[in-house]
Amino acid sequence: MRCRFAPSPTGYMHLGNVWTALLCWLQARRGGGTLVLRIEDIDEGRSKKEYTRALMEDLTFLGLDRDEGPDAGGPYGPYRQQERYNLYEAAIERLKRLNLVYPCYCSRARITSVSGAPHEGELSVYDGRCYGLTEAERRRQRKKPSLRLHVPERSISFTDGLYGLQEEYLPTKCGDFVIRRADGMYAYQLAVTVDDGAMGITHVLRGRDLLGSTGRQILLSSYLGYQTPKYTHVPLLIDCAGHRLSKRQHGITVRELRAEGITGRQILSYLAYKGGLVREACLYDPDRLVQQFDIRNIGVKDIVIDADPIEAIKYFGH
Ligand code: GLU
């Protein structure tokens, strides 16, 4: 059993990230598996080394150890995406040889206008205009192209560990999707699939906001010849107004909580209780959380965090 926690270092670790990290850790420890820490820093503009350093420090403070990762080392490294570009390029070469990718010259404005403006969180559906271009037409383009993967006309289904049977028909969900942007940045879908595959990950656990990406990753993984992992998506932490916790919110980063004298054990116990993993509002050692861990106890509804997390966690269990 190989599990992974794969944060993007675009800010200081907050309760939402701790919740996912805790569940990845519990899943691995309960199952006697290996936990991999992978730093997802392909977005070079938004990722910062300082956040990566702080993240590893915060995990250690929380008592969430890992078996492989940038600091722990391991046989499947490197564990930072910025050091894995050669693997993504090799995957693209393989997809090209299979005739599954094509260059796309469409502007963002055109894509938005043909797909209608999607609501927040919705995907725009690409109409495939550049799929049929001839070599001569491609040569006439002045723009640098992005690369798209052509999706098949069949449904992709999988059973999520919490949300159950899922079925996705990619042609109407997103159409042919980008695997490398025109500016050279590798798409999340490609990088994550290559990494999970090449690192031999057997169990993926992450926020339910990524449930809708899984079909594309399963497709890519099968084209690239990887064993598809088992997926479990988990509910998100939300505030009292129903919004996802955001990095801008006050009092939710591990740094802030720690500065208030709050311990890692308090943070993990609070989240375990709020998330339904334990029934008593008291302090638990991480090992006890492992013994009691049953993912089905968390349900599928998002988890509401107290309006003043510092107050709530400081006095939690007293
Ligand atoms: N790096 C992504 C994030 O921090 C998670 C990717 C994944 O778990 O597949 O949101």
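Counting Cα-Cα pairs of region 58-137 in 10 Å increments starting at 0 gives whole-percent bin shares of 13, 24, 25, 21, 15, 2.
Say R0 is 51 Å: what FRET efficiency, to the nearest 0.05, do Arg154 and Ile295 get from their beta-carbon distance? Between Arg154 and Ile295 the formula returns 0.95.
Here the peptides 71-84, 11-24 are ranked by packing, the mean other Cβ count within 10 Å, and the order with the highest first is 11-24, 71-84.
Take the alpha carbon gyration tensor of region 255-318, find the square roots of its eigenvalues, order them as a ≥ b ≥ c, and report rounded if a/c is under 1.5; if not, report prolate when a/b exceeds b/c, else oblate.
Oblate shape, in that a/c is at least 1.5 and b/c is the bigger or equal ratio.
Here r is the Cβ-Cβ distance between Val304 and Thr60 and R0 is 22 Å; the resulting FRET efficiency, rounded to 0.05, is 0.20. 222 nm [θ] for the chain, helices only, -39500 (n - 2.57) per DSSP H run of 4+, per residue, to 500? That calculation yields -10000 deg cm²/dmol at 222 nm.
If Rh is defined by the Kirkwood formula over all Cα pairs and Rg also comes from Cα, what ratio Rg/Rh do you get for region 134-272? Kindly include the intermediate steps, with their values, before the conclusion.
Working: Rg = 19.7 Å, Rh = 18.2 Å.
Radius of gyration relative to Kirkwood radius: 1.08.
Residues within the reach of a label modelled at Leu283 (point 7 angstrom out along Cα to beta-carbon, backbone nitrogen below 15 Å), restricted to region 232-258, are 258. Between Ala136 and Asp209, the contour length at 0.36 nm per residue exceeds the alpha carbon distance by 22.2 nm.
Where the only charges are on Cβ atoms (+1 Lys, Arg; -1 Asp, Glu), what is the dipole of the chain about its Cα centre, to the nearest 20 debye?
Details: 45 positive and 39 negative charges, 215 e Å.
Dipole about the Cα centre, nearest 20: 1040 debye.
Note on region 96-239: dipole from Cβ charges, positive end direction compared against Leu98, Thr134, Ser157; the farthest Cα belongs to Thr134. Here region 177-231 and region 72-97 have alpha carbon centers that stand 12 Å from each other. Relative to the Cα centre, the charge distribution of region 127-173, modelled as +1 at Lys and Arg Cβ and -1 at Asp and Glu Cβ, gives a dipole magnitude of about 640 debye. Label separation (Leu165 vs Asp183): 4.3 nm, computed from points 7 Å beyond Cα along the C-beta direction.
Scalar couplings 3J(HN,Hα) for region 204-219, obtained by applying the Karplus form with A = 6.51, B = -1.76, C = 1.60 to θ = phi - 60°, are 9, 10, 6, x, 5, 5, 9, 3, x, 9, 5, x, 5, 6, 5, 4 Hz; x denotes Gly and Pro. Within the chain, antiparallel bridges make up roughly 55 percent of the DSSP beta bridges whose residues both belong there. By its C-alpha gyration tensor, with a ≥ b ≥ c as the square roots of the eigenvalues, how is region 31-72 shaped: rounded for a/c under 1.5, else prolate for a/b larger than b/c, else oblate? The shape class here is oblate.
By counting other Cβ atoms within 10 Å of each Cβ, how are Asp183, Asp43, Asp58 ranked from fewest to most?
Lowest to highest Cβ neighbour count: Asp183, Asp43, Asp58.
Full-extension gain between Asp71 and Asn99, please, as 0.36 nm times their residue separation minus the C-alpha to C-alpha distance. Provide the component values of the computation, followed by the final result.
Values: separation 28, 0.36 × 28 = 10.08 nm, distance 3.85 nm.
Result for the pair: 6.2 nm of gain on full extension.
Show me the GluC sites (Glu not before Pro) within region 99-175 that DSSP assigns to loop and that have at most 16 other Cβ atoms within 10 Å of their Cβ. The partial results should precede the final answer.
Working: sites: Glu120, Glu122, Glu135, Glu137, Glu153, Glu167, Glu168; in loops: Glu120, Glu122, Glu153.
For GluC sites (Glu not before Pro) across region 99-175 that sit outside H, G, I, E and B with at most 16 neighbouring Cβ atoms in 10 Å, the list reads Glu120, Glu122, Glu153.
Checking the cross-link pairs Lys49/Lys230; Lys173/Lys230; Lys48/Lys143; Lys48/Lys173; Lys49/Lys314; Lys96/Lys173 against a 25 Å limit on the alpha carbon distance flags Lys49/Lys230; Lys48/Lys143; Lys48/Lys173; Lys49/Lys314 as lying beyond it.
Only the Cβ atoms of Lys and Arg (+1) and of Asp and Glu (-1) were treated as charged; on that basis the dipole of region 1-158 about its Cα centre amounts to roughly 760 debye.
Laboratory data are not the source of any read-out in this text; all were calculated from the coordinates shown. Treat the numbers as computed from the prediction; the structure is a model and nothing was measured. Cβ atoms come from the backbone with ideal geometry, glycine included; neighbour counts cover every protein chain shown.
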